[in-house]
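Working notes, structure below.
The values are calculated or read from the model by the stated rules, or taken from the named source; none is laboratory data. As the structure is a computational prediction, the values presented were derived from the model and not from experiment. Quick reminder, even Gly has a Cβ in these numbers, built from the backbone with ideal geometry, and neighbours come from all protein chains shown. Just so you know, the surface numbers come from the protein's heavy atoms only, side chains and all, with ligands and any DNA or RNA stripped out. Shrake-Rupley method; radii C 1.70, N 1.55, O 1.52, S 1.80 Å.
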Amino acid sequence: MTWRNPRPGQFVGVRSYGRHVNRTDRLYALVEELRACAPRRRSARELALLYEVSARTIERDIGALQQARVPIYADAGRSGGYTVDKSLTLPPLNFTPAEAVAVAVALAQVDVGPFEGAARSAVQKIVAAMSEPNVIAARDLAGRVRLLEPVAAPGTALVPSVIEQAIVARRVLRICYLDRGGNLTERDVEPVVFMAGPSGWYLVGWCRVRDAARCFRVDRIQQAEITSVMAPPRAFEDIAPCSPELVARTPVL
């Protein structure tokens, strides 16, 4: 697959609901909490502390949900508690690993202001709805996407899908690159991570021509083609010392 440039040139936070949450919101949150924890049990006392209500209130809430035919089951005893049958509740959203990481990348840029907590909560809900194999694959893929400070401003060049596919498939990417001096060179690059910075998105990888780590501005990649060559596994932390500009934030997922 070939692409040409037409132009020159941490999923879990502390939750606090408080007494101000109305009962409808609490009932919905209870189901989501039990679903995220399943098959583990949560006791009435644990849930009461989480929602800052009494254990008796939680028991009444659970009873109301059971009467509404929500598949919540209770086990008595010291190690008992409540759980929900995931297979009988709302079906998972079936996010692919790449879709989950794409959402995490977008939401990770809302890292200040009133929507910071909402962004973290949204990613947590996505991860909770995914299957375990997809969660593992998503975390692996997320390790290959980094954000610099400050993040790219709106309107910067989009990342071509062929480059995204090379990252996902771990394939060597053949690119024609226009450097800052206006020189056009052809490189075979082992893609390692994406990074977003003040000038837009960057592809960080191991350049086989220079035999060193290099940072390529995506808007300067004039042509890109996925080869059939598998790229050897390289950790970002291993190649970062080779290039001082590769100082990035933590993974997005």
Exercise for review: Please calculate the 1.4 Å probe accessible area of S161, with all protein chains present, and give it to the nearest 10 Å².
Suggested key: 50 Å²
Study note, to complete from the structure: Once all protein chains are kept in place, L49 shows an accessible area at probe 1.4 Å, nearest 10 Å², of 120 Å²
Point to revise | Fully extended contour minus Cα-Cα distance, from S228 to R23, at 0.36 nm per residue | key: 68.2 nm
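Leaving ligands, DNA and RNA out of it, rank C207, C215 by accessible area with a 1.4 Å probe, largest first.
On the way: C207 0, C215 35 Å².
Largest accessible area first, the residues go C215, C207.
Counting heavy atoms of the protein chains only and a 1.4 Å probe, report the per residue accessible area for segment 164-247 as a whole number of Å². Could the numbers behind the result be given before it?
Numbers: 3990 Å² over 84 residues.
I get 48 Å² per residue for segment 164-247.
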Check your understanding: In segment 195-242, which trypsin sites (Lys or Arg not before Pro) fall in coil by DSSP and have 13 or fewer other Cβ atoms within 10 Å?
Key -> R210
Exercise for review: Please give the solvent-accessible surface of T24 in Å², to the nearest 10, using a probe radius of 1.4 Å with every protein chain present.
Suggested key: 100 Å²
Review point. Using a simple spin-label model with points 7 Å from Cα along the Cα→Cβ vector, what separation in nm is obtained for D211 and Q124?
Key: 4.9 nm
